[in-house]
Amino acid sequence: MHVDVEKPFWWDVPLWVATGQVDSIGLANNHQQLAGMLDNEAWGKPRDKSLFPGPHGNGRWSQHIYYQLLNCGLRIPPSAGSASGVLPNPVGYNRLYVHCGPQFDWDTWWQNLRRGQVVVTNGPLLRPRVFGPGAPPEGALPGHVFQADAGQELELNIALDLATRDKIEYLEIIQDGQRAHEVRLDKWAEAGGKLPPVKFTHSGWLLVRAVTNHPRTFRFASTGPYYVEIGYQRRISRQAAQFFLDWVQERTERIRLDDADQRQAVLKLHESARAFWEKKVAEANAE
C-alpha cells in the first residue's frame, strides 16, 4: 500500500502526517493546470495572498508547506497528479519521474518513489546528480543522505541536465527552505551544466527547482530533496514544527459535529496529532 497526500494544503495534512503513514505528497498537483491555475485552496488551509499573490501563489504555497515538512526532519518525497478527465488537464500534465535503474518494473518504481529518487514537473525536465562524501562515482540521486561527523563542514557539488521549451531565466538551489543560489541559464551553460557548490555546517536538505516565466500558471520542475546529517542527526526547525502545531489547533476549532460519539472520535485523532507536533517542537535543534 502507498499513501499519497494529493495536495499539501488540505486541512488535515498535519493529522495525516502525524500518523507516520504518508509515503508522498502532491507538490505538482491539479490546481496547476495547462492553461491556468485553480487559484484557491478549496477544502484546504488558505494562503495569505499578500505573501503568495497572483497566478503563481497557490503553487508557491504548496511548496512552502512542503518545505516546512522537510524542515521538521520528515523525509516525504514529492509526487504529482493532474486529475485528467475531472479538471482541464491532459493526461500526464503534472508528472512524476522515478529513477529505477536497470530494474524497470512495477515494484521497483514504487520502491524508489518511497526512497525519494524522483523529479516532479509540469514543464521542464531536470536530471540531477550530486557529488559529495559517500556518493557513488556517477553522483547521487534525490533521496540520498549525506553524512558527516559533528563539527565537520560538508560540501556538495551539483551537476544538472535540463530540457525545456518554456522560457526559464534561472535555476534555484533551495537549502533548508531558502534560496541558497539563483543561477542564470547562461551561467549554468558556461559552467558545463554545473551549479555552485552548497556547504552545510549543520544538518538539513537541498533540492533544485526551475520555475518558468509562464504568465498564467505555475509551471515548474523540482528534484526530490537530498538530505544532510551532520553529527548523524536530522535538523528539526522549531518554527516549522510550530507552524503545524498551530495548524492543528486551527483545524480543531473548525470541527462542527453534532453527534457526540463522532466528535469524540475525531477529537481523539486531533489530540494525537497535537502530541506529535508538540514533541517535534520540544525536540527542535534549530530555529
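Structural remarks
- With respect to the stated conditions, Lys167 is part of a loop (DSSP other than H, G, I, E, B) and exposed (fewer than 14 other Cβ atoms within 10 Å of the Cβ).
- Within region 139-182, being among the small types (Gly, Ala, Ser) and under 22 Å from the mean Cα position of the chain (by Cα) holds for Gly139, Ala140, Gly143, Ala159, Ala163, Gly177, Ala180.
- Test: residue in region 219-229 that is assigned to a loop (DSSP other than H, G, I, E, B), assigned by TED's automatic domain parsing to the domain that holds Val119, charged (D, E, K, R) and surrounded by fewer than 19 Cβ atoms within 10 Å (Cβ to Cβ): no
- Listed by first and then second residue, the pairs linking a residue in region 240-265 that is more than 11 Å from Trp277 (Cα to Cα) to a residue that is surrounded by fewer than 13 Cβ atoms within 10 Å (Cβ to Cβ), with Cβ atoms under 7 Å apart and 6 or more places separating them unless they lie on different chains, are Arg263/Ile255; Arg263/Leu257.
- Boolean, Tyr93 is surrounded by fewer than 20 Cβ atoms within 10 Å (Cβ to Cβ) and either outside the structural domain of Lys187 (by TED's automatic domain parsing) or among the hydroxyl-bearing types (Ser, Thr, Tyr) (or both): no
- Among the numbered conditions (1) under 25 Å from Val17 (Cα atoms); (2) among the hydrophobic types (A, V, I, L, M, F, W, C); (3) modelled with pLDDT of 95 or more, the only one that Ala180 does not meet is (1).
- For region 172-187, residues that are touching a residue at least 12 places away in the same chain (Cβ under 8 Å), part of a strand (DSSP E or B) and either within 22 Å of Gln239 (Cβ to Cβ) or among the small types (Gly, Ala, Ser) (or both) total 5.
- Answer residue from region 198-218, given it is hydroxyl-bearing (Ser, Thr, Tyr) and in contact with a strand residue (DSSP E or B) (Cβ under 6 Å, 6 or more places away or on another chain) and is surrounded by the most Cβ atoms within 10 Å (Cβ to Cβ) among those: Ser203
- Residue check, Phe52 surrounded by fewer than 21 Cβ atoms within 10 Å (Cβ to Cβ), without any contact (Cβ under 8 Å) to a residue 24 or more places away in the chain, under 22 Å from Phe9 (Cα atoms) and assigned by TED's automatic domain parsing to the domain that holds Pro215: yes
- Contact map, region 142-155: first residue under 9 Å from Tyr227 (Cα atoms) and assigned by TED's automatic domain parsing to the domain that holds Lys199, second residue basic (Lys, Arg) and part of a loop (DSSP other than H, G, I, E, B), Cβ cut-off under 9 Å, separation 6 or more or different chains; pairs are Gly143/Arg75; Val145/Arg75.
- A Cβ distance below 7 Å, combined with a sequence gap of six or more or placement on separate chains, defines the contacts here; from region 1-14, residues that are more than 22 Å from Gln33 (Cα to Cα) reach residues that are of a type in the set (A, V, I, L, M) and assigned to a loop (DSSP other than H, G, I, E, B) in the pairs Val3/Val22.
- Residues in region 163-185 that are closer than 26 Å to Pro133 by Cβ and in contact with a helix residue (DSSP H, G or I) (Cβ under 8 Å, 6 or more places away or on another chain): Leu171, Ile174, Asp176, Gly177.
- Residue in region 160-168 that is touching a Leu at 6+ places or on another chain (Cβ under 8 Å) and of a type in the set (Asp, Glu) present: yes
- In the set Ala282, Ala240, Ala273, Ala265, only one residue is touching a helix residue (DSSP H, G or I) at 6+ places or on another chain (Cβ under 9 Å), assigned to a helix (DSSP H, G or I) and loosely packed, with under 12 Cβ neighbours inside 10 Å; that residue is Ala282.
The values are calculated or read from the model by the stated rules, or taken from the named source; none is laboratory data. No experiment lies behind these values; they were computed from the predicted model shown. Don't worry about glycine lacking a Cβ; one is built from the backbone with ideal geometry, like all the others, and counts go over all protein chains shown.
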